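Novice: Here you go, one structure.
The values are calculated or read from the model by the stated rules, or taken from the named source; none is laboratory data. Predicted model, so just to flag it, every value in this text is computed and none were measured. A quick note on method: Cβ atoms are made from the backbone with ideal geometry, for glycine too, and the neighbour counts reach across all protein chains shown.
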Amino acid sequence: MTTRPAVDVAVIMRKVPTSSHWQPWRWELSEVVPQEESFGAEPRLLYKGEDGERWLHPGFRAELFRDEAEGYYLNVTTPAPAWFVLWRMEDEPSVAAEPIPRPLIVTLSYNEAGRWLDAQETVENVPAPAHIVEWMAVFAEEHYEPEQKKKRKRPESFKTLSDRFGQPASVTTVKKYGGGGEGHG
């Protein structure tokens, strides 16, 4: 069994006020932090006040997969490498009096996050710390092989015309056989 490089993390979501009368609060990703044993296994309220709430969601594993090496490379080479978190709102309240957001997956792959966004999922990102970026960069460098650019051939419009036997061919708008447009009248 091959073990993949991985890091255990927890996700912190926060509820923040908005200026909208229709939606006075919204949820957003706050941070991704190293997992600690003391976090337990269930989400828990860290803070609740007039200015919002913060919830800790423990127990996530961010693994590095060889087939996602391009996604890690793209993340490392951006101006702000990041964690990407896919999350959804609970359907029914479970640990809180009202539904809270539930992170589902944490990744460092730019491509994986893009696929989630294409699927209309809620994905947010927060900056990844330098040691995680370095760890991801080493993996990307070891496993990412950029596609070789194909040598461009001459554009089709510059190619000489030939028939199916390879003989030079020409194109004309004048009919050779069967009468042309002459003599009508």
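Novice: If you take the residues of the stretch 32-56 that are among the charged types (D, E, K, R) and surrounded by fewer than 16 Cβ atoms within 10 Å (Cβ to Cβ), which of them is farthest from Val126 (Cα to Cα)?
Specialist: Selected residue: Glu50.
Novice: To continue, here is another question. Write out, first by first residue and then by second, each pair whose Cβ atoms fall under 8 Å of each other, whose residues are 6+ apart or on separate chains, and whose first residue, in the stretch 125-145, is within 12 Å of Phe65 (Cα to Cα) while the second is in a helix (DSSP H, G or I) and among the basic types (Lys, Arg).
Specialist: His143/Arg66
Yes/no per residue for (1) free of Cβ contacts under 8 Å to residues at least 12 places away in the same chain; (2) over 27 Å from Gly52 (Cβ atoms):
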| residue | (1), (2) |
| --- | --- |
| Tyr73 | no, yes |
| Phe84 | no, no |
| Pro101 | no, no |
| Ile105 | no, no |
| Asn111 | no, yes |
| Arg115 | yes, yes |
| Gln120 | yes, no |
| Gln148 | yes, yes |
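Novice: Restricted to the stretch 1-15, and to residues that are assigned to a strand (DSSP E or B) and not aliphatic (A, V, I, L, M), which residue is nearest to Leu108 (Cα to Cα)?
Specialist: Asp8
Novice: Follow-up question, since we're still on this one. Look at Arg88 and say whether it is exposed (fewer than 13 other Cβ atoms within 10 Å of the Cβ) and out of contact with any Ser or Thr (no Cβ under 8 Å at 6 or more places or on another chain).
Specialist: So Arg88 fails the test.
Novice: Being surrounded by fewer than 22 Cβ atoms within 10 Å (Cβ to Cβ) and not aliphatic (A, V, I, L, M) is the filter here; which residues of the stretch 74-83 pass it?
Specialist: Thr77, Thr78, Pro79
A quick yes/no check of all residues on (1) modelled with pLDDT of 75 or more; (2) closer than 30 Å to Arg14 by Cα:
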| position | (1), (2) |
| --- | --- |
| Pro127 | yes, yes |
| Phe139 | yes, no |
| Tyr144 | yes, no |
| Glu156 | no, no |
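Novice: Quick check on my filter: what residues within the stretch 62-121 are acidic (Asp, Glu) and touching a helix residue (DSSP H, G or I) at 6+ places or on another chain (Cβ under 8 Å)?
Specialist: Glu68, Glu70, Glu112 - these are the residues of the stretch 62-121 that are acidic (Asp, Glu) and touching a helix residue (DSSP H, G or I) at 6+ places or on another chain (Cβ under 8 Å).
Novice: Another question, then. Quick one: Pro17 ticks every box in (1) free of Cβ contacts under 8 Å to residues at least 60 places away in the same chain; (2) exposed (fewer than 14 other Cβ atoms within 10 Å of the Cβ); (3) touching a helix residue (DSSP H, G or I) at 6+ places or on another chain (Cβ under 6 Å) except a single one, so which number is it?
Specialist: (3)
Novice: Say whether the condition of being out of contact with any strand residue (DSSP E or B) (no Cβ under 9 Å at 6 or more places or on another chain) and at pLDDT below 95 is met by at least one residue in the stretch 78-92.
Specialist: Within the stretch 78-92, one or more residues are out of contact with any strand residue (DSSP E or B) (no Cβ under 9 Å at 6 or more places or on another chain) and at pLDDT below 95.
Novice: Scan the stretch 16-28 and tell me whether some residue there is within 22 Å of Val133 (Cα to Cα) and either out of contact with any Cys (no Cβ under 6 Å at 6 or more places or on another chain) or assigned to a loop (DSSP other than H, G, I, E, B) (or both).
Specialist: The answer is no; no qualifying residue exists.
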